[in-house]
1. Give the lysines whose C-alpha is closer than 27 Å to that of LYS36, dropping any in the same chain fewer than 8 places away, or say none.
2. What accessible surface, in Å², does a 1.4 Å probe find on ASP56, ignoring ligands, DNA and RNA and rounding to the nearest 10?
3. Which percent of the accessible heavy-atom area of the chain goes to carbon and sulfur, probe 1.4 angstrom?
4. Any chance you could list P(r) for the chain, counting all Cα-Cα pairs in 10 angstrom bins from zero, rounded to whole %?
5. Could you work out the local net charge near ARG187, counting Lys and Arg as +1, Asp and Glu as -1, over the other residues with Cβ closer than 10 Å to its Cβ?
6. Cross-link candidates for LYS147: which lysines have Cα within less than 18 Å, leaving aside residues fewer than 8 places away along the same chain?
7. What does the charge count around LYS152 come to, taking other residues whose C-beta lies under 14 Å from its C-beta (Lys +1, Arg +1, Asp -1, Glu -1)?
8. Which Cα, out of PRO231, SER81, VAL208, lies furthest along the positive dipole direction of segment 77-232 (beta carbon charges, K/R +1, D/E -1)?
Amino acid sequence: MKKSTFIMATVALASFAFGGAEAQAAVSSTHNSENKINFTSGEGVVTPPVNPLDPDDPNVPDPIDESDPNNPGTGQDGPLSIDYVSNIKFGEHKITGKNIAYKAKNANPFVQVTDLRGAGEGWSLSAKMSEFKSGNKVLRGATLAMKDGVVKAGSSSNISLAPTKSDILFDNTESKLVMNAVNKGGRGTWLTVWPGVNQANEAIQLHVMAGTPEANTEYTSSITWELEDAPK
């Protein structure tokens, strides 16, 4: 008991001694330094596609989409660009006598947009689809549905307000809103990913009406993606 009391007293004394010396110190001079950085818009910057499963992962798969192996990205330069859009594959199927919804083969198709303008003016991404055709043959009544998309930032530390996404039904040639970034939102890189099972992605389905397909015929449709420099 006495030993403990002695040690505590010694510590208190040392503290008092050093504390007294520190209390006598005074600031004799001050001066302020400056730190500066300047930014310009990302004019001419090409943003490569990121990993749709984990955009923070620097190890981007090659190819990014096994169902779309020859797609390296758009190569568009900034400051406002569409960096990547998946080509959707539906494969080969036998003709049936029923209306059928065919699931996309792509596991994680996505669209990627980058805004490097630095003004935060917002933007909107829309898309319109042409008819499925093979020469003069038309897959009449076919519609394409893209739902349950997930918006992801190209960097998880992005503090900008995220754009909103919309479910899409391409049932005519009219433009459909895909992503919308309001004023002061959507800065940096953003993706909408339609996640699903490889070879059977329920998030993207092509609805084909009975009696329309012809045998030994490959039908093709194109989607035109339109990026505007203001929100809708």
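1. In chain and number order, the partners are LYS184.
2. ASP56 has an accessible surface of roughly 70 Å² with all protein chains in place.
3. Whole-percent figure for carbon plus sulfur exposure: 53.
4. Going out from 0 Å in 10 Å bins, the chain shows 7, 25, 25, 13, 7, 6, 7, 6, 3, 2, 0 percent.
5. Once all neighbours under 10 Å are counted, the net charge is 0.
6. LYS89, LYS103, LYS105, LYS128, LYS165, LYS176
7. -4
8. VAL208
The values are calculated or read from the model by the stated rules, or taken from the named source; none is laboratory data. Model, not experiment: these values are computed from the prediction. Ideal geometry is used to build each Cβ from the backbone, glycine not excepted, and the neighbour counts take in all protein chains shown. For accessibility, only protein heavy atoms count, side chains too; no ligands or nucleic acids. Shrake-Rupley method; radii C 1.70, N 1.55, O 1.52, S 1.80 Å.
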